[in-house]
Amino acid sequence: MRPFLRALAVAGAVALFPSPLPAATLATGVVTDGGCEGAFFDLTAKVADLRITGFQTNLVGTANVRVYYKAGTYQGFENDPSLWHLLGSQTIAGGAGVSQVLFPLDVGGLVVPAGQTYGFLVYSGGNSSTVLATRYRVGTNVTVEDPLLRLFGGSSSCGGDPQAPFDGSLSPRAWHGVVAYVALAGQIPALGPAPLAVLALAVLAAGAWFSRRRA
């Protein structure tokens, strides 16, 4: 096959079977007016497998912030610890008072499969909404989405032991935070087949046919 035809075919293969997309973020964008031990929310991978790479969370006080997850929605399972798994934790020195500052929470690695919903809890423990707490918006839910990821929330972990999750909750509560993620390698159905890939595969087939005729 001629060199330019081979190069075009390779470019088409790369377009058709892409490497992971650049990292993306999805923010809830709420203004907080309360807080407690933690916040529950759902993440839905809309069209592709997504790896959660980290978070940002609105925190006051200093805490070892933990992230828990479960397959399926959090809704109705806020007080059932048997279904939840610890993803990881990080000690964060947060803000003070009625703070809107977001702090990096470098906990990730979980893959949410395409078409599935996973529940999450970002948990700091707490004893006061302005002294030690995960901050959120009281009295409302939040839904935000992009072409690949949807976030819905939520409720708070609040009640019982102030340093133990899954023993009390309040809703509705909308977490103030950001989710960072990356789409895994493979075709993204929402984007459709790349036209360059279709052309390149046709050129590849034609080149092979002409090569056989000239042999």
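Read the figures in this text as sums done on the coordinates, not as results from a lab. From a predicted model like this one, the values you see are computed outputs, not experimental measurements. Positions of Cβ are backbone-derived with ideal geometry, glycine not excepted, and every protein chain shown enters the neighbour counts.
The alpha carbons of the stretch 20-186 give a radius of gyration and a Dmax of 14.4, 46 Å, in that order. With each label modelled as a point 7 angstrom along the Cα→C-beta vector, the V98-S82 pair spans 4.3 nm. Sorted ascending by nearby beta carbons within 10 Å, beginning with the fewest, W175, W84 become W84, W175. Here the stretch 20-186 is assigned +1 on the Cβ of each Lys and Arg and -1 on the Cβ of each Asp and Glu. Its dipole about the Cα centre then comes out at about 200 debye.
Peptide packing: for 59-69, 136-146, the average count of neighbouring Cβ atoms within 10 Å per residue gives the ranking 59-69, 136-146, highest mean first. Residues whose amide H falls under 5 Å from that of G35, counting only those 5 or more places apart or on a different chain, are Y136, with hydrogens built in the peptide plane. Computed from backbone phi with θ = phi - 60° and the Karplus coefficients 6.51, -1.76 and 1.60, the 3J(HN,Hα) list for the stretch 164-178 is 10, x, 6, 9, x, 7, 10, 8, x, 9, 10, 4, 9, x, 9 Hz; x is used for glycine and proline.
The stretch 37-75 and the stretch 80-123 have Cα centres lying 4 Å from one another. Per the Debye calculation on the stretch 26-93 with a single equal scatterer at every Cα and no solvent contribution, log₁₀ I(q)/I(0) for q = 0.18, 0.21, 0.28 Å⁻¹ amounts to -0.90, -1.21, -1.53. Computed over the stretch 20-186, relative contact order equals 42 percent, with contacts defined as Cα pairs under 8 Å that lie 6+ residues apart. Converting phi to 3J(HN,Hα) with the Karplus coefficients 6.51, -1.76 and 1.60 and the offset θ = phi - 60°, the stretch 95-101 yields x, 9, x, 8, 9, 10, 6 Hz in sequence order, with x at every glycine or proline.
Counting neighbouring Cβ atoms within 10 Å and putting the fewest first, the residues D167, D42 line up as D167, D42.
For D49, nonlocal amide neighbours, meaning residues 5 or more places apart or on other chains whose placed amide H falls under 5 Å from its own, are A114, L184.
Shown in residue order for the stretch 139-156 are the 3J(HN,Hα) couplings computed by the Karplus curve 6.51 cos²θ - 1.76 cosθ + 1.60 at θ = phi - 60°: x, 8, 9, 9, 10, 10, 7, 10, x, 10, 9, 10, 10, 10, x, x, 8, 10 Hz (x for Gly and Pro).
Length available on full extension from Q163 to T91: 0.36 nm per residue minus the Cα-Cα distance, which gives 24.5 nm. Sorting F55, F120 by the number of Cβ atoms found within 10 Å of their own Cβ, with the fewest placed first, yields F55, F120.
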